[in-house]
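Okay, so here's the structure we're looking at.
Values in this text are rule-based calculations from the coordinates and carry no lab data. Please read all numbers here as calculations on a predicted model, not as lab measurements. Counting neighbours? That spans all protein chains shown, and the Cβs are built from the backbone with ideal geometry, glycine included.
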Amino acid sequence: MSQVTSGIGRAPGAGKGRRLWREISNYKYIYMLILPGILFFIIFSYTPMYGIILAFKKFMYNKGITGSPWVGFTNFDVLFRNADFWRAVKNTLIISFGNILFGFPVPIILSLMLNELRSFKFKKVSQTVLYLPHFISWVIMAGLIYNMFSVTNGAVGKVMYSWFGIEPARILGNPACFRTLVYISNIWKNSGWGTIIYLAAISGVNPELYESAVLDGASRFKQMIYITLPSLAFAISINLILDMGGVMNAGFDQIFNLYDPGVYKVGDIIDTYVYRIGIQNAQYEMSTAVGLFKSVINCILLVTANKITNMLGQEGLF
Amino acid sequence: MFQSKRNGLKPFDFFNVLFFILLCFIMIMPFWNVLMTSLVSEGEYFSRPIILWPKNFYLASYKYIFSSDKLIRSMAVTVFVALIGTVYSMVLTTMLSYGMTKKKMPGRNFFLTIIIITMFFGGGLIPYYLLIRNLHLINKIWVMILPAGVNIWYFILVKSFFNQIPQSLEESAKIDGANEITIFFRIVIPLSLPALATFSLFYGVAFWNTWYDALLFITKEDLHPLQLVLRKMIVQNERPGLMDAAYKKVTGNNFGLFDDGIKMATVIVATVPILCVYPFLQRYFVQGIFVGSIKG
């Protein structure tokens with residue numbers, strides 16, 4: 001407002017330009033501070049975006065991205081006829097929705113139950129233990145899983161055999177078990193960490209609500225359902241939007257460290273497919289086309305999920 | 001009042017505590033199993049179905065790791081990447097976050113938008129690969145550091161943390177003639193040290209766990225980080241014993257050395273530093289650094 005009034009009585013064009021210039025020079029030190037960060041995003045996030053045009057070209061190694069000839073939608077044409085591509089799309093969707101279906105409610109339930117723990121100390125210890133796996137890499141996870149479930153050397157197999165005389169079943173590298181292994185290892189690794197956002201929301205609930213509920217004779221279970229759970233609505237909707245927006249991702253690190261050619265049928269996802277055809281087979285333009293396909297669908301999903309959340313009366317992301 | 005609450009759901013309390021004890025057991029068991037595997041000989045490992053405590057402590061697996069040139073070098077690479085990477089990321093992230101708290105800065109919304117867009121849209125693997133090639137970063141240790149500069153989530157969290165610093169402090173410094181760069185280093189940073197320590201640890205853990213950029217861009221084995229060497233052992237099932245002279249040196253008088261023991265000892269070596277910084281991390285993230293970000 002003050003800017004507008006101070007401009008009265010000057011030539012509008014010149015005044016505006018000079019004022020903007022003065023504003024900018026007021027912030028010159030701030031611009032210097034943000035410059036490295038902005039450069040970082042331009043170099044490592046935006047320059048690769050230019051490379052997307054490769055999806056519409058035939059890549060020639062000696063000509064680079066710019067010099068390679070345009071081929072229109074040929075790459076997509078080839079791609080959409082490829083059974084491996086559709087298998088990867090299918091697996092990605094199944095694994096993502098499986099992760100949401102089985103994994104999404106777990107942190108919500110855990111945080112409600114953590115909130116009901118009476119002993120502060122015990123709650124703290126439980127939280128510490130539950131958060132821990134978030135900080136280890138999927139490489140280490142692969143080590144833990146191997147050590148538990150390997151047929152010959154795994155603890156589970158050895159116990160089954162020597163205690164119960166049961167011939168251990170093959171879990172690793174078995175197409176029948178692979179997706180279940182993905183869901184469970186994902187829950188094991190990430191649910192504990194997922195409770196943080198919900199516990200933070202719970203801690204913001206006005207205690208008077210509980211007090212008046214107790215006066216009204218509400219049981220603890222009823223307080224949980226009618227006070228605690230609704231207080232999580234915002235966090236739940238934000239998480240759901242983010243998960244929906246990430247449906248095309250399905251967790252590269254996890255799959256890449258757990259799968260092998262024997263389970264491609266059920267476990268090869270878009271990202272691992274992009275890696276294999278791009279890096280291992282050097283089909284640069286095809287790999288880029290798959291990546292672009294994925295990014296576009298991702299954006300559409302994110303916007304849609306956000307719209308739906310807004311329509312349901314929850315605050316969305318944007 | 002509390003009486004009625006407590007009587008109402010006593011069996012539930014019992015069940016709840018039991019549930020979390022069981023859950024903690026499920027969370028710890030795999031780690032314990034790895035630790036025990038790394039501490040026994042081959043004979044003991046295969047003769048006992050589950051090892052809760054070793055009958056004989058057997059440390060040859062660790063002796064092997066710490067006499068293998070390859071593993072020691074990979075640890076050195078990882079430590080270098082974690083230290084330098086953390087400093088680099090923190091410098092970029094804090095300066096950017098602080099700048100973005102200036103709501104009236106011309107172009108601020110534009111900058112914020114271009115940052116946020118990268119969360120949802122990117123060039124994909126191959127354009128990224130070609131970029132790294134054009135930057136001549138292939139087979140350079142910096143390829144594990146430079147592209148991992150700013151984590152957008154941490155940027156948002158640090159920004160919302162800086163927002164909580166009272167404006168009046170900055171304004172009075174300005175009246176004394178300090179410019180924003182001085183204010184940033186002399187006032188904002190010293191006031192935020194505990195939070196910045198936390199984010200340093202987050203970055204440190206992320207750099208410690210790095211393997212993917214190395215897999216993509218580093219063919220020179222000398223520059224492979226610990227996680228990538230571990231990945232080759234576990235995922236690609238590369239036998240550690242075939243790697244170097246250290247194996248012979250250690251096996252000379254140790255018949256109990258075995259692949260799984262070495263692999264799991266490496267897992268332990270790769271996990272222990274995380275366990276060491278973990279208590280410090282935990283202290284802060286429960287204290288509500290996250291709360292602010294969630295609400296705004």
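Write down, largest first, the equivalent ellipsoid semi-axes of the protein assembly as shown in whole Å, where each equals the square root of 5 times an eigenvalue of the alpha-carbon gyration tensor. Display every interim value, and only then the final one.
Working: eigenvalues 351, 243, 138 Å².
Rounded to whole Å, the semi-axes are 42, 35, 26.
The GluC sites (Glu not before Pro) of segment B:118-221 include none that meets both conditions, a loop assignment by DSSP and at most 12 other Cβ atoms within 10 Å of the site Cβ. Where the centroid of each part is defined by its Cα atoms, how far is segment A:149-174 from segment A:61-105 in Å? Each part's Cα centre sits 36 Å from the other's.
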